[in-house]
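Note sheet for the following structure.
Throughout, read-outs are computed from the coordinates displayed, never taken from laboratory work. This structure is a prediction, so every number in the text was calculated from the model and none was measured. Neighbour counts are summed over all protein chains in view; Cβ atoms, including those assigned to glycine, are modelled from backbone coordinates with ideal geometry.
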Amino acid sequence: KQWYQRRVAITAGIFSPLNRVMSAVSIYITRCFEFQADRFAVGLGKGEKLQSSLIKLVTDNLSFPMADKMFSTFNYSHPPILERIAAIKEEMAKKSKTE
């Protein structure tokens, strides 16, 4: 039984950092997809509706719209609402300049 416990502890010690790295990569990819989806919505002319929908989600869920940049980068699969709204506004400004 001792050898089994040691093997489990060693395996956990090896895979724990790997799990953290893979989690960070997964979160990064998911956040990129969120921003890509927001850009797509703006491209369809739905930027204003998307902003109001995000604000409604925060209000209805009683979420706190602010988050520490470093913490949210490594722990939140979705970007904070204020970050998303800023990116949407920026994309809308780019779109209006090209039209």
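Worth a mention:
- Modelled this way, with points 7 Å down the Cα-to-C-beta line, the labels at residue 25 and residue 7 are 2.7 nm from one another.
- Span-like helix ranges in the chain, DSSP H, alpha carbon extent 24 angstrom or more, Kyte mean at least 0.0: 2-43
- Largest to smallest principal axis extent of the C-alpha atoms in the chain, angstrom: 69, 31, 20
- Computed over the chain, the per-residue total of -39500 (n - 2.57) for DSSP H runs of n ≥ 4 gives a 222 nm mean residue ellipticity of -28000 deg cm²/dmol, rounded to 500.
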